[in-house]
1. Does residue 129 satisfy the criteria of being at pLDDT 95 or above, crowded, with 21+ Cβ neighbours inside 10 Å, in a helix (DSSP H, G or I) and within 14 Å of ligand 1 (Cβ to nearest atom)?
2. Could we say that residue 58 is touching a helix residue (DSSP H, G or I) at 6+ places or on another chain (Cβ under 6 Å), in contact (Cβ under 8 Å) with a residue 24 or more places away in the chain, more than 16 Å from ligand 2 (Cβ to nearest atom) and within 26 Å of residue 154 (Cα to Cα) here?
3. Could you tell me whether the stretch 109-117 includes any residue that is within 15 Å of ligand 1 (Cβ to nearest atom), farther than 30 Å from residue 254 by Cα and not β-branched (Val, Ile, Thr)?
4. Which residues, counting only those in the stretch 64-101, are closer than 18 Å to residue 34 by Cβ, away from ligand 1 (no atom under 11 Å from the Cβ) and among the aliphatic types (A, V, I, L, M)?
5. Among (1) surrounded by fewer than 16 Cβ atoms within 10 Å (Cβ to Cβ); (2) charged (D, E, K, R); (3) under 17 Å from the mean Cα position of the chain (by Cα), there is one condition residue 19 misses while meeting the rest; what is its number?
6. Within the stretch 142-157, which residues are more than 12 Å from ligand 1 (Cβ to nearest atom) and touching a residue at least 60 places away in the same chain (Cβ under 8 Å)?
7. Which one of the conditions (1) crowded, with 23+ Cβ neighbours inside 10 Å; (2) over 16 Å from the mean Cα position of the chain (by Cα) does residue 197 fail to meet, given that it meets all the rest?
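The values are calculated or read from the model by the stated rules, or taken from the named source; none is laboratory data. The structure displayed is predicted, hence computed values, not measured ones. In this analysis, Cβ positions are derived from the backbone assuming ideal geometry, glycine residues included, and neighbour counts consider all displayed protein chains.
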Amino acid sequence: MANLLVTGGAGFIGANFVRYWRAHHPDDAIVVLDALTYAGNRANLSGVEDILFVHDDIRSTALVASTIDDHDIDTIVHFAAESHVDRSIDGPDAFLETNVNGTHSLLKAAKTAWLDRGGGRPHRFHHISTDEVYGSLGPDEPPFLETSTYAPNSPYSASKAASDHLVRAYNRTYGLATTTTNCSNNYGPYQFPEKLVPLFIINCLSGRKLPIYGDGMNVRDWLHVEDHCRAIETVLMRGEIGETYNVGGSEELTNMAVVDAICDAMEEAFSVDPALEARFPDAPPVGGARFCALKSYVTDRPGHDRRYAIDAGKIRSALGYKPRQTFRAGLADTIRWYLDNEDWWRSVMDGSYRDWLDRNYAGRMLGQL
Ligand code: NAD
Ligand code: TDX
């Protein structure tokens, strides 16, 4: 039995993780700590039984230390972050505050509670990070290994890189029992509609343009969020202290291929369920390549990384993990989830979100959005 503190548990991956953990480890205690920023949503956890929700900031070191003491926390799973690259370009400060200072505050709290006050009792600090810390690959370069050089290119990835280094330093210097996973692009239920997959699904349903940055040939590796949660579970159960593990889906795709897959899956969903026409009257009119016709090229993201690819050999050979979902099947399930959960995505697309979206795409000269 474990007592988990999940930071950022009201966000996309954190909420999927809490749901996964509750289903697979029913006897464990789960405390969620989340500041409920624009990306955090209490509704992402609705229906999950027996969790304690603490509405606070990871930068509140004293509060976090006492939460660890009060609930006898032995495992921290750290998701809380500012996570969107475009927002980090627009305003980097919040990324340094949460991703760097916030992670450091959390590490200090863990050290205080587990090592200084707790005398070194058994514990684990698992840090969730990204493949973006390794920078951009050329077309013929081999995928990222855990030993690849850090070369972050956006304020987001630079802040995540700094947080990875702090986690490593707390392990090497103070003996905090840390592990880190660096994962590729996730998709699935509850993803905030600023990221490529949910934004494009919702734009298809609303008859809005699909804004493709640059030439659409940037490459990402895609992993279904549930496979990411299983990878984190694997590392929590069998990972070696002080180690990092790359996690990926072996699904390297150009953005154009992802957009085409979304358009095709949307066509398929509408053709098997004719009731969708009435439910989504703003979707493009029947006929032709109705969703693909929404594709639109817009100004590129500054510093846009060309290619990410993951070598996940270490977690596969050392811990026996491999993903289960193909992108094709996972995408169809994800589209079904957004079709079935219209209330959820309409409710998160509030005024401040729309303001940001309009600003982002106005900057890309996309008046028609
Ligand atoms: P998200 O933006 O959907 O959720 C972030 C959560 O953190 C929100 O609930 C938010 O309220 C909370 N939060 C933000 N600042 C906080 C603070 N100061 N104190 C407490 N809570 C705070 O993010 P996500 O996509 O679920 O990503 C989760 C983690 O996974 C991040 O660390 C991200 O870097 C990493 N990651 C994401 C992806 C991806 O594709 N989304 C891939 C690899 C790694
Ligand atoms: O409107 C868009 N048009 C577009 O062409 C958006 C939102 C994105 N893109 C492109 C940019 C990227 O090449 O699609 C690709 C994916 O973009 P995002 O969904 O913003 O993800 P990315 O920048 O790759 O970062 C994601 O994966 C790694 C997450 O947001 C990070 O949190 C994670 O660490």
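1. Taking the combined requirement at face value, the residue does not satisfy it.
2. Judged against the criteria, residue 58 is a match.
3. The answer is yes, given that some residue of the stretch 109-117 is within 15 Å of ligand 1 (Cβ to nearest atom), farther than 30 Å from residue 254 by Cα and not β-branched (Val, Ile, Thr).
4. 65, 68, 73, 76
5. The one condition residue 19 does not meet is (1).
6. Scanning the stretch 142-157 gives 142, 143, 144, 145, 146, 153, 155.
7. (2)
Yes/no per residue for (1) near ligand 1 (Cβ under 9 Å from one of its atoms); (2) in contact with a Pro (Cβ under 6 Å, 6 or more places away or on another chain); (3) over 18 Å from residue 236 (Cβ atoms):
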position	(1), (2), (3)
24	no, no, no
27	no, no, no
33	yes, no, no
37	yes, no, yes
44	yes, no, yes
62	no, no, yes
